[in-house]
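This report refers to the structure that appears directly beneath it.
The values are calculated or read from the model by the stated rules, or taken from the named source; none is laboratory data. These figures come from a predicted structure and were not determined experimentally. For neighbour counting, all protein chains shown are included, and Cβ atoms are generated from backbone atoms with ideal geometry for every residue, glycine included. These accessible areas exclude ligands, DNA and RNA; they are computed on the full protein's heavy atoms, side chains included. Shrake-Rupley method; radii C 1.70, N 1.55, O 1.52, S 1.80 Å.
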Amino acid sequence: LPRRIGMSVAVGDELEFRAVPAGTGDAADLVAAMVAEMRDLYDGLDLESPGMPKAGPAELGPPDGVYLVGYRSREPVCGGGLKRLPDGACEIKRMYVAPQARRSGVARALLAALEDAARGMGYRIARLDTGDRQPHAQAFYEASGYRAVGNFNNNPAAAFHGEKRLD
């Protein structure tokens, strides 16, 4: 189980999660890789276009957000962020696992670390979304306790919107 260690969360001896500003260093590299993968997967989708939900360094940073980078043997292998929604819930954004770390439990650990960070920031509800070309992501989120809700963020590329109570 994850445990809080200051501004980082350790998962066993394998992964360590650290808050890193989303626009810098390892966090920026992971976000860029995620954005590029989504652009390829969704035929040129621009996650930064005016019609898309905002999830840049300002949204994924203090005081109401955070971006976590997961390190394995000091190498960044995953990342994801939290931002505040107008109704006081948080949204998980830019969740990404590097290809070499996939299918090893890293995504589950990342989601748990993000949920733990959200609880630590006082959030009681987490929301997220994913597109129709990522059925594995939807299945993962549903298996992790996220239940389908309406389109809370007006994301035109999302086919599944999920919500989980963090009590």
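As a check on your grasp of the helix formula, calculate [θ] at 222 nm for the chain: sum -39500 (n - 2.57) over DSSP H runs of n ≥ 4, divide by the residue count, round to the nearest 500. Walk me through the numbers before you get to the answer.
Details: 3 runs with 41 residues, N = 167.
Helix contribution divided over all residues of the chain: -8000 deg cm²/dmol.
Rounded if a/c is under 1.5, else prolate if a/b beats b/c, else oblate: with a ≥ b ≥ c from the C-alpha gyration tensor eigenvalues square-rooted, which is segment 36-86?
Verdict is oblate for segment 36-86.
Run the dipole for segment 80-159 about the Cα centre, Lys and Arg Cβ at +1, Asp and Glu Cβ at -1, nothing else charged, and hand back the magnitude in debye, nearest 20.
180
With the other protein chains left in place, how much accessible area per residue, in square angstrom, belongs to the chain at a 1.4 angstrom probe? If you can, show how the numbers build up before the last one.
Values: 8450 Å² over 167 residues.
Computed with neighbouring chains in place, this is 51 Å² per residue.
Mean separation of Cα pairs under 8 Å and 6+ residues apart, divided by the residue count of the chain: what relative contact order is that in percent?
For the chain, the relative contact order is 19 percent.
So, with a 1.4 angstrom probe, what is the percent of accessible area on segment 10-54 that is carbon and sulfur?
Exposed carbon and sulfur together represent 53 percent of the surface.
Would you mind classifying segment 123-167 by shape? Square roots of the alpha carbon gyration tensor eigenvalues, ordered a ≥ b ≥ c; an a/c under 1.5 is rounded, otherwise it is prolate if a/b is larger than b/c and oblate if not.
oblate
Determine, at each q value in 0.23, 0.26 (inverse angstroms), the log₁₀ of I(q)/I(0) that the Debye formula gives when each Cα of segment 88-167 is one equal point scatterer.
The computed values of log10 I(q)/I(0) come out as -1.18, -1.41.
Got a number for carbon plus sulfur as a percent of segment 93-154's accessible area, 1.4 Å probe? It would help to have the intermediate numbers written out before the result.
Numbers: 1430 of 3070 Å².
About 47 percent, which is the carbon plus sulfur part of the accessible surface.
At a probe radius of 1.4 Å, what is the per-residue accessible area of Arg133, in Å² to the nearest 10?
Roll a 1.4 Å probe over it and Arg133 shows about 110 Å².
What's the magnitude of the charge dipole for the chain around its Cα centre, counting Lys and Arg as +1 and Asp and Glu as -1 at the beta-carbon? Answer in Debye, nearest 20.
Dipole magnitude for the chain comes out near 420 debye.
Tell me which of Gly145, Gly131, Gly65 sits at the most positive position along the dipole axis of the chain, charges placed on C-beta atoms (Lys, Arg +1; Asp, Glu -1).
Comparing the listed Cα positions along the dipole, Gly145 ranks first.
List the residues, sorted by chain then number, that are 5 or more residues from Val77 or on another chain and whose placed amide H is less than 5 Å from its amide H.
Answer set, sorted by chain and number: Gly70, Tyr71, Arg72.
Using bins 10 angstrom wide from zero, how does P(r) for the chain break down, in % of all Cα pairs?
Calculated P(r), rounded to whole percents: 11, 43, 39, 7, 0.
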